[in-house]
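First up is the structure itself, then whatever we jot down about it.
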Amino acid sequence: MRKFFLLFILIIPTISIYSQCVGLRIIGMQGDNPDILIIEATQNISGSTVFYITDNEWSSTNNDFIDLNEDEHSWTAPASGVASGSIIQLSGTTATCGTLSGTPAFSTGLEEVYILSVTPSTTNGSVTSSDICFALSTGGTGDLPAGSSVNVGNFDNTSYNGSGDITMSSNWTSSDGAVTLASANCVALPVEFLSLGVEKVKNSVILTFSTASETNNSHFNIERSADAQDFESIGEIKGAGNSSRDISYAFTDEKPLPGINYYRIKQTDYDGKYSYSDIKSVRHNTVGNLNITPRTTEGRLQVTTDIEAYSLDVYNVAGQQVKSFKSLSKDQYISIDDLNAGLYFIKVNFDGQVETTKIVKI
């Protein structure tokens, strides 16, 4: 088990990545005494992350909750984090890992339970479907977010079978009698990433981090992306294996991409298990702030630049020019739909200078 303290160096602003509420889903509920909720981590959850749980009814029309004087409580992940696949049981005032505030109490049938990344507010417009990680209904009247919910029907108790589409009631076992709930199994994160430091120094980018302890740690891969979606490894650092002392690491990206560079660290154990750090970014300015995205495309490319006049040529790996775009100015969209899948080089020509970007057509 590793705990990380990553030196955070912030010379220029970084960009945070936000997305749909993810991380937890409901895989079982017992409305009979004692009331029990079973939740599962669908991805690694950082230590002390808070999720909110309520059985009040959500309105998709008003994007808020209707206060029916039902329960609102929260679950906080343990300091060591929770690995994807962990199963946590909430019952009474206790959780099998992490901490639970409040006491879950569910009706026997005609109920709905929501897990959220925000507090279940009754203020209009305060809770959208993207704030709801998952919702389970046993025939209740609250609205459900599409794609991240299931209505199993009017039953006291229900449990996901563990395979198949979780949003299909046919993949759940539901009954007014007893059902078998999944056993709790909370696994701490192999690495607890607290932060990632990125610093632009002249024409390079320096990443710096340190570990407080390491167990079974094989290595780190430094991964980079132009669009925060498709990452590639640009370097590897050997881990300490097992250590109980502070160890510092650093990596220099000598050839950052033009425009915004997104970085993350992938840590791998000897047994092949791995986890990722958060994503941080830094802008590597080029002449005219030129940037071409995405780096992997089905045929459409976006050119963002301040350059008033330029041309753009596309070359294949054999060095042959396969497309050319003349008399361009500032931001543009270009198409390479008609090219075969493969690796290409985009050359932007302006004022006697050439900037080259590598892209992949799929």
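Before moving on, here are some points about what is shown:
- Residue count, the stretch 125-141 (criterion: over 19 Å from CYS21 (Cα atoms) and either acidic (Asp, Glu) or surrounded by fewer than 23 Cβ atoms within 10 Å (Cβ to Cβ) (or both)): 3
- Figure legend. Inter-residue proximity from the stretch 318-334: first residues not assigned by TED's automatic domain parsing to the domain that holds PHE345, second residues assigned to a strand (DSSP E or B) and of a type outside the set (Ser, Thr, Tyr), beta-carbon distance below 8 Å, spacing 6+ or different chains. No pairs are indicated.
- Residues in the stretch 257-267 that are within 30 Å of VAL314 (Cα to Cα) and either in a strand (DSSP E or B) or at pLDDT 90 or above (or both): GLY259, ILE260, ASN261, TYR262, TYR263, ARG264.
- The residue list ALA212, ALA178 contains one member that is at pLDDT 90 or above and out of contact with any Cys (no Cβ under 6 Å at 6 or more places or on another chain), which is ALA178.
- Contacts under 9 angstrom Cβ, first residue in the stretch 228-247 being touching a residue at least 24 places away in the same chain (Cβ under 8 Å), partner assigned to a strand (DSSP E or B) and loosely packed, with under 14 Cβ neighbours inside 10 Å, 6 or more apart: ASP230/VAL360
- Selection status of THR173, at pLDDT 95 or above and not in a strand (DSSP E or B): no
- Of the strands (runs of 3 or more DSSP E) lying entirely inside the stretch 268-360, those containing at least 2 residues that are at negative phi and under 28 Å from the mean Cα position of the chain (by Cα) span 274-276, 280-284, 291-293, 300-304.
- With respect to (1) under 15 Å from the mean Cα position of the chain (by Cα); (2) surrounded by 15 or more Cβ atoms within 10 Å (Cβ to Cβ), the lone exception for GLN43 is condition (2).
- Any hit, the stretch 205-224, residues being part of a loop (DSSP other than H, G, I, E, B) and not hydroxyl-bearing (Ser, Thr, Tyr): no
- Selection count where residues are touching a residue at least 24 places away in the same chain (Cβ under 8 Å) and more than 13 Å from LEU196 (Cβ to Cβ), scope the stretch 256-274: 11
- Restricting attention to the stretch 94-128, the residues that are touching a Pro at 6+ places or on another chain (Cβ under 7 Å) and either farther than 19 Å from GLN43 by Cα or modelled with pLDDT under 90 (or both) add up to 1.
- Unique residue being under 25 Å from SER218 (Cβ atoms), touching a Leu at 6+ places or on another chain (Cβ under 9 Å) and not small (Gly, Ala, Ser) when the list is ARG295, ARG264: ARG264
- For SER159, the conditions (1) among the hydroxyl-bearing types (Ser, Thr, Tyr); (2) more than 30 Å from LYS238 (Cα to Cα); (3) touching a Lys or Arg at 6+ places or on another chain (Cβ under 8 Å) all hold with the exception of (3).
- Qualifying residue in the stretch 118-140 (condition: under 23 Å from GLY85 (Cβ atoms), touching a helix residue (DSSP H, G or I) at 6+ places or on another chain (Cβ under 8 Å) and part of a loop (DSSP other than H, G, I, E, B)): no
One line per residue, one yes/no per condition, for (1) loosely packed, with under 14 Cβ neighbours inside 10 Å; (2) touching an Asp or Glu at 6+ places or on another chain (Cβ under 7 Å); (3) not aliphatic (A, V, I, L, M):
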{"position": "MET168", "(1), (2), (3)": "yes, no, no"}
{"position": "LEU181", "(1), (2), (3)": "no, no, no"}
{"position": "ALA188", "(1), (2), (3)": "no, no, no"}
{"position": "VAL201", "(1), (2), (3)": "yes, no, no"}
{"position": "SER218", "(1), (2), (3)": "no, yes, yes"}
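- Out of SER204, SER170, SER175, SER163, sole residue that is touching a residue at least 24 places away in the same chain (Cβ under 8 Å) and among the hydroxyl-bearing types (Ser, Thr, Tyr): SER204
The values are calculated or read from the model by the stated rules, or taken from the named source; none is laboratory data. Owing to the predicted nature of the structure, the values given are computational and were not obtained by experimental measurement. No Cβ is skipped: glycine too gets one built from the backbone with ideal geometry, and neighbour counts run over all protein chains shown.
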